[in-house]
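Following: one structure in structure tokens, then a few remarks.
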Amino acid sequence: MTPTTKTPSKKEIQNVLKECETHNKKHHCFTTLCKEEAQKQKKAKGTLSGIYISVKDNICVKDVETTAGSHILKGYLPKFDATTIQKLKEEGATIIGKTSCDAFGFGSFNTNVGKGFSIPKNPHDTKRTTGGSSGGSAAITQLATFPHVSLAESTGGSIACPASFCGIIGLTPTYGRVSRYGLIPYANSLDKIGIMSKKVSEIEPILKVISGFDEKDGTSLKEPLNLNAPKKLRIGIIKESYAKGIDPEIQKALKSILTKLKQKHTITEISLPLTTTYGVACYYILATSEASTNLACLSGLRYGQELPKKNKGFNSYFTEVRTKSFNQESKRRIMIGTFTRMAGYRDAYYIKATKVRTKIIQEYKKAFKTYDVLISPTMPFIAPTFSNIDKMTPLQNYLSDILTVGSNLAGLPHASIPIGKKEGMPIGLLAITDHLKEGTLLQTLKEIEALQ
Ligand code: GLN
């Protein structure tokens, strides 16, 4: 991406959309391409003129179908822009399309798409997953030859995971740093909008634009974006990165980058036992609890696909709509989340998980007294093939998030960056910094990028 500050011509936009169409045929990155909208969009002159932005389909773009990858929201045309989209447009960026995701963000492989949607394919090997849930965003970021950045979203790792599998950079800011207004919620206490790009330098200009307080988001932060960073980094390598179950070749790639980083920075091992042991369970209890309440409004009355009402009573009508439209994973999560919140189980699951979350935050906060940045692999394996994913149980699916849920539960800024390959498939490194330390995170990414 070379910032041009030049307003793109009709022809240039047409060429970009044509390229997207070609990628889409093979890789299914987009749910909707903004063919007319991209041309109609008022072209403000700003710091992002000439930059093309793809947007995860759970972020509202005015008059562009926004479904969160789900069948039940098919046909929904938002009457407003999410705050992030409004800010990007005001700076001259061109929105080119909505990207494929697991329905409502429920997944790690982008295979849980809604009925009627296509599963995106990895740019390095179409037999493999892009990762999820922001898979379409990661794929088009890898494939685009024009100046492009993608707006994605993470609840428990949905930016880092596909970034790792597709070999690009995916940054998730501090919780509250970027407004969630206009984001279709998965789990409100965890959702964060972030950025995917090919180069580290492409992130900063976008982050500057989308960050900032927004009165429309009750959890939006007032603190200004801080891009300062120490020259010499105190790096903590998370000891559990070398546990069994993490691909030895990924561990090798990590060791080799650490050897190089050691020449300039200090590196020691740190253990995060609580996060590693309880992170996945804690995350899936909290995420599904919140998700099950968020999805309650999708019943075919005010929101969601309508069916002929036939005077059957609202209970049977809602049941029919929801049975027909939700996919298997959405139903699973509604059931788990309803169970963990219900009277009699609430204290044992939901409330306990909120307490464990506090302990996890404390574990990280203690670590950041000694370290500027914590490092581990992003995913325990390279992008699996679709046939291997089919063989995974739901529990194995959830466990693949073991390295990304911790920073998401704690609301910490984190990013995945490519550090090598195995069998031609990218390997990602995960860097985590303390709250509000986006500057240190970007500095870490720059240092790692310079070593490649
Ligand atoms: N894989 C995780 C989940 O399925 C994370 C998804 C996300 O961050 N949206 O919940």
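In Å³ and rounded to a whole number, note down the convex hull volume per residue for the Cα atoms of segment 1-125.
Working: hull volume 13.7 nm³, N = 125.
Considering the Cα atoms of segment 1-125, their hull volume per residue is 110 Å³.
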Worksheet item: Distance in nm between label sites at residue 263 and residue 314, each 7 Å beyond Cα in the beta-carbon direction?
Response: 6.8 nm
Worksheet item: How do 151-163, 310-322 rank on mean C-beta neighbours within 10 Å, highest first?
Response: 151-163, 310-322
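Of all accessible surface on the chain at a 1.4 Å probe, what whole percent is carbon and sulfur?
Values: 10200 of 18340 Å².
Summing carbon and sulfur atoms, their accessible area is 56 percent of the total for the chain.
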Item to complete: Report the dimensions of segment 254-323 along its three principal axes from the alpha-carbon atoms, largest first, rounded to Å.
Response: 72, 23, 16
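Extension gain residue 10-residue 354, at 0.36 nm per residue separation less the Cα-Cα distance, in nm? Don't jump to the answer; show the numbers that get you there.
Working: separation 344, 0.36 × 344 = 123.84 nm, distance 5.10 nm.
Gain in length upon complete extension: 118.7 nm.
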Item to complete: Only bridges with both residues in the chain count here: give the DSSP antiparallel percent, nearest 5.
Response: 65 percent
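Can you give me the accessible area per residue for the chain, using a 1.4 Å probe, in Å²?
Working: 18340 Å² over 452 residues.
For the chain, the per-residue accessible area is 41 Å².
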Worksheet, complete the sentence: So the FRET efficiency between residue 216 and residue 362, C-beta based with R0 = 25 Å and rounded to 0.05, is 0.20
Worksheet entry | Residues of segment 369-406 with amide N under 18 Å of a point placed 7 Å along Cα→Cβ from residue 423 | 378-393, 397, 400
Fill in: the chain - Rg (one decimal) and Dmax (whole number), Cα, Å
20.8, 73
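Between residue 277 and residue 42, what's the calculated FRET efficiency when r is the beta-carbon distance and R0 is 41 Å? Round to 0.05. Kindly include the intermediate steps, with their values, before the conclusion.
On the way: r = 52 Å, r/R0 = 1.26.
After rounding, the FRET efficiency stands at 0.20.
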Worksheet entry | At q = 0.22, 0.31 Å⁻¹, base-10 log of I(q)/I(0) for segment 140-180 (Debye sum, equal scatterers on each alpha carbon) | -0.75, -1.15
Worksheet item: In debye, nearest 20: dipole of segment 1-96 around its Cα centre with unit charges on the Cβ of K, R (+) and D, E (-)?
Response: 220 debye
Fill in: Pairs from 56/87; 18/98; 56/422; 25/115; 40/115; 192/260 whose Cα-Cα separation, in the structure shown, is over 23 Å
56/422; 40/115; 192/260
Fill in: Number of Lys pairs (Cα under 28 Å; 8 or more positions apart or on different chains) in segment 261-366
16
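Loop only per DSSP, at most 10 neighbouring Cβ atoms within 10 Å: give me the GluC sites (Glu not before Pro) in segment 165-259, ordered by residue number. Before the final figure, lay out each step's value.
Details: sites: 202, 215, 240, 249; in loops: 215.
The qualifying sites are 215.
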Item to complete: Quickly rank 184-190, 394-400 as a protection proxy: mean count of other C-beta atoms within 10 Å, highest first.
Response: 184-190, 394-400
Item to complete: Would you please put 26-32, 78-84 in order of how densely packed they are, using the mean number of other Cβ atoms within 10 angstrom per residue and starting with the highest?
Response: 26-32, 78-84
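Give me the compactness ratio for segment 250-295, meaning the Cα radius of gyration over 2.2 N^0.38 Å. List each step's numbers first, then the result.
Details: Rg = 17.6 Å, N = 46, 2.2 N^0.38 = 9.4 Å.
Ratio of Cα Rg to 2.2 N^0.38 Å: 1.86.
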Discussion item. As I understand it, the dipole of the chain uses +1 on the Cβ of Lys and Arg and -1 on the Cβ of Asp and Glu, about the Cα centre. Which of 243, 221, 119 lies farthest toward its positive end?
Written reply: 119
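With +1 assigned to the C-beta of every Lys and Arg and -1 to the C-beta of every Asp and Glu, and no other charges, what is the dipole magnitude of the chain about the Cα centre in debye, to the nearest 20?
Numbers: 63 positive and 39 negative charges, 23 e Å.
Approximately 100 debye in magnitude.
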Discussion item. Nearest 500 deg cm²/dmol is fine: what mean residue ellipticity at 222 nm does the chain get from its DSSP H runs of n ≥ 4 alone, each adding -39,500 (n - 2.57), divided by its residue count?
Written reply: -11000 deg cm²/dmol
Response to the item:
Expressed in angstrom and rounded, the centroid-to-centroid distance over alpha carbons for segment 265-297 and segment 393-414 is 6 Å
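The values are calculated or read from the model by the stated rules, or taken from the named source; none is laboratory data. Being a predicted model, the structure only gives us computed values, none of them experimental. Every residue, glycine among them, receives a Cβ derived from its backbone with ideal geometry; neighbour counts consider all protein chains shown. Side chains included, ligands, DNA and RNA excluded: accessible areas come from the protein's heavy atoms. Shrake-Rupley method; radii C 1.70, N 1.55, O 1.52, S 1.80 Å.
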